[in-house]
Amino acid sequence: MNLLRCAAFVLLTSLTCQAVGNSVTNLVRRDFREVDTLFANAGQGWMSQARRPPEQPRLPYSVAYLRFNWVDVEPEEGRYNWAFIDDVIAAWKPRGATVALRVMTCNAHSAGYYTSPKWLFDAGCKGHEYLRGGDDPTSGGRRIPRIEPDYADPIYLAKHGAFLEALGERYDGHPAIEFLDIGSYGIWGEWHTPNPAPVEVRKQIVDLYLTAFRRTPLVFMSDDAEVLPYALSRGTGFRRDGVGSPWHEQNWIGSKKYAGVPDMGEVWKRALVVFEWFGDYDYLRSRGWSFDAAVEFMLRNHVTLINDNIGRVPPEAMPQLERLARLAGARFALRAAEHPAVTRAGAALSLHLTWANVGVGRLHRPYRLIAALANDQGERIVEQECPGDPRDWLPGTHEVNATLSLPANLKPGAYAVQVSLRDPARRGPPWKLTMEAPEQDGWYAVSRVTVAPAR
């Protein structure tokens, strides 16, 4: 911050006051302007589908999405190629991004016949051969024969269950894993297939994930409206692949298809909501589908994360894309801060903070609001957690009353009042706030207070 801005900041935040005994006759109040800066906060926003970070990302990423074939990670039964996943985690770690996973047992883009490993079928698991792909890029890759397992086959359930158990032993609760899709069923693990298994079998596949992953968030594919209420009732979030297609947008919450899914429209208040485009921008336009309508659909449905499979976007459409990335998930602005202009060492400084969540979703990480006093050297003399849980700050305005207990030996003088949203488990970086205020390492200087000697 240059000297001119520093002087302006002190002028705006420092008010004269008169103290009589322990009473304060004036208050400091600072109002803050919201900024439109586009940034990535942990676990929300734009989600890359690249195994390696691009040198110049189009938009800030907080999560990298890895969708992989079962055979890639367990090429031989009981022998695991964890490097396939760990290499992606290591590549994104310097960017501060986590990784989300989906296991595919049937993949119409696979290079060859097998997505589930050959040894599964050699062990006697039944399967269904299929042809899919061709000119439409959204229908698959090369039109070659491939095999889908029979999901009701006890051999499939046992051996894939063992794989998920091993996956959970290694990655459940791993700080670099953001969430898992409940995949493993249907083409691309999207829970649609020409060879459906009975509902009870599909619920059994959900249970395999619920058993293996008790700490890492899970997301269920919303294509299966029969099993969706079962998954949601057990705490999962949901995702919709195919946004941009008018059919998908019409067959959604409130439609006949989802009439049996109670409170589907409320899930975003407690769990992740993930969306993926039906195809890239040029594909949507070639079908006569509205890009703007797809953006509004995601925002209206309180999206947390968006897969970056939209491809090339012309300059005139970029403001809409940036708006979507900016508003996805939670976006916090401190509107105003108010406190006594003068306090005493050994006393409690009362803070009244007006916050706004100007995003469309909810914070899902366990961040906490911390208030602090810092001296002119930038050292924080006092840090204290404020009451309340920012995960409860749904879109709208939220009032927070907090107190900072000051040491009796605190040196008299002027101190900066700072706030920060931080993850106590240190899983993620400090939360970026959409406010115009001096900031360093996630600490935002919001005003100044004068500390008088203790009585």
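Side notes on the structure shown:
- Qualifying residue in the stretch 172-192 (condition: surrounded by fewer than 17 Cβ atoms within 10 Å (Cβ to Cβ), in a helix (DSSP H, G or I) and at pLDDT 95 or above): no
- Residue in the stretch 325-338 that is part of a loop (DSSP other than H, G, I, E, B), touching a strand residue (DSSP E or B) at 6+ places or on another chain (Cβ under 9 Å) and farther than 27 Å from Arg427 by Cβ present: no
- Matching residues in the stretch 284-296 - criterion: being within 26 Å of Phe39 (Cβ to Cβ) and buried (at least 20 other Cβ atoms within 10 Å of the Cβ): Ala294, Val295
- When the residues of the stretch 46-61 are filtered to those that are part of a loop (DSSP other than H, G, I, E, B) and in contact with a helix residue (DSSP H, G or I) (Cβ under 7 Å, 6 or more places away or on another chain), the one that is nearest to His302 (Cα to Cα) is Leu59.
- Selection status of Phe220, touching a helix residue (DSSP H, G or I) at 6+ places or on another chain (Cβ under 6 Å) and aromatic (Phe, Trp, Tyr): yes
- For the stretch 364-380, the tally of residues that are touching a Leu at 6+ places or on another chain (Cβ under 9 Å) and over 30 Å from Gly235 (Cα atoms) stands at 4.
- Residue that is most open to solvent (accessible area, probe 1.4 Å) [pool: residues in the stretch 400-436 that are in a loop (DSSP other than H, G, I, E, B) and under 26 Å from Arg344 (Cβ atoms)]: Lys411
- Just so you know, in the stretch 223-263 the residues that are open to solvent by 30 Å² or more (accessible area, probe 1.4 Å) and in contact with a helix residue (DSSP H, G or I) (Cβ under 7 Å, 6 or more places away or on another chain) include one that is farthest from Trp289 (Cα to Cα), and it is Arg234.
- Residue list for the stretch 121-145, restricted to those being assigned to a helix (DSSP H, G or I) and β-branched (Val, Ile, Thr): Thr138
- The condition (being touching a residue at least 12 places away in the same chain (Cβ under 8 Å) and outside any strand (DSSP E or B)) is satisfied by just one residue among Ala108, Ala90, Ala64, Ala100: Ala108.
- Lone unmet requirement of (1) under 17 Å from the mean Cα position of the chain (by Cα); (2) within 25 Å of Met104 (Cβ to Cβ); (3) not acidic (Asp, Glu) for Arg270: (2)
- Of the residues making up the stretch 273-309, those that are of a type in the set (Gly, Ala, Ser) and part of a loop (DSSP other than H, G, I, E, B) are Gly279, Gly288, Ser290.
- For the stretch 301-317, taking the residues that are of a type outside the set (A, V, I, L, M) and open to solvent by less than 10 Å² (accessible area, probe 1.4 Å), the one that is modelled with the highest pLDDT is identified as Thr304.
- Inside the stretch 120-142, residues that are touching an Asp or Glu at 6+ places or on another chain (Cβ under 9 Å), open to solvent by 40 Å² or more (accessible area, probe 1.4 Å), under 22 Å from Asp72 (Cβ atoms) and modelled with pLDDT of 90 or more make up a count of 3.
- Residue that is farthest from the chain's Cα centre (by Cα) [pool: residues in the stretch 438-451 that are open to solvent by 20 Å² or more (accessible area, probe 1.4 Å) and within 17 Å of His339 (Cβ to Cβ)]: Thr450
- Residue in the stretch 274-283 that is within 24 Å of Ile205 (Cα to Cα) and open to solvent by 10 Å² or more (accessible area, probe 1.4 Å) present: yes
- Residues of the stretch 358-385 classified as closer than 28 Å to His174 by Cα, surrounded by 19 or more Cβ atoms within 10 Å (Cβ to Cβ) and of a type outside the set (D, E, K, R), total: 8
The values are calculated or read from the model by the stated rules, or taken from the named source; none is laboratory data. Since the model is a prediction, treat every value here as computed from it, not as a measurement. No Cβ is skipped: glycine too gets one built from the backbone with ideal geometry, and neighbour counts run over all protein chains shown. Side chains are part of the model used for accessible areas, which takes the heavy atoms of the whole protein and leaves out ligands, DNA and RNA. Shrake-Rupley method; radii C 1.70, N 1.55, O 1.52, S 1.80 Å.
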